[in-house]
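Working notes, structure below.
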Amino acid sequence: MVKRLSLFFLFLILVIGLSAKRLPVQLSMAPLVSPIPTPTPVPELPKVMNVESPDMKQTLTMKEQKNGSSVTHTFLTSGEKEHAQQQVFTKTVDLPKTITIPFNAWSPGGNKYFFLKETGSGLDSYIVLTSLGKPVARDLQTVVVEELFAQKYADYKITDVTGWAAPTLLVVNTDKLDGTVGPSFWFDVASLSFTRLSTRFN
């Protein structure tokens, strides 16, 4: 009998000891994180600029669409009875180049021509077009003034095209290659010819 009691107490001591060593079980719940949606890039809307002709009969519209490191310039004309708005020129340039409409872009006396200015390449460029999108002259859809000028006057460089002296005459200012002031020229869009002037137009 005593032996049985001893075994019982020994068993009881072992059970209590084992129970005391057990650690409580803790369940950890990871916080639920809602996925953050990736924002969809919104394409930049094109910038629009309108320039009226001096007689208010025509409108030249420029649309700029930026695409990464480049910009596409699209030009449209409208207003004449014989045509609605139509695209007459488009060009994509790498930044920081840009194309602008000078304030005196339209030719007088019927708005047959207009010119644009491209900057950002170290040398400004002047582009002449017709308002109806037809060739300017000799089957040339556009005329880049400084390209023709460089072929005839290698000792000068164009510094500015100031505007129109007549319906087909653009005023072109130049400098000499050494940096000193050069003469002014008329550029005849119809004949693609230059006339040196005795007076400097600034």
Per-peptide average of other Cβ atoms within 10 Å, ordering 129-141, 167-179 highest first: 167-179, 129-141
Euclidean distance of C-alpha centroids, region 162-180 and region 51-73, integer Å: 24 Å
Protection proxy ranking, peptides 187-193, 50-56, average beta carbon neighbours within 10 Å, highest first: 187-193, 50-56
Cα→Cβ-extended label distance, 7 Å offset, between Thr92 and Lys152, nm: 3.5 nm
Percent of alpha-carbon pairs separated by more than 16 Å within region 65-140: 55 percent
Region 71-150, relative contact order [Cα under 8 Å, separation at least 6], %: 21 percent
Charged-residue dipole, Cβ positions (Lys, Arg, Asp, Glu), region 47-196 about Cα centre, Debye nearest 20: 260 debye
Mean projected area in nm² (Cα convex hull; one quarter of hull surface) for region 47-196: 9.1 nm²
Farthest positive-ward along region 47-196 dipole, Cα basis, beta-carbon charges - from Val144, Met49, Pro183: Met49
Exceeding the 21 Å Cα-Cα cut-off - candidates Lys66/Lys134; Lys91/Lys117; Lys63/Lys91; Lys91/Lys152: Lys66/Lys134; Lys91/Lys152
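Every number in this text was worked out from the coordinates using simple rules, so none of it is lab data. No experiment lies behind these values; they were computed from the predicted model shown. Note: ideal-geometry Cβ built from the backbone for every residue, glycine included; neighbour counts use all protein chains shown.
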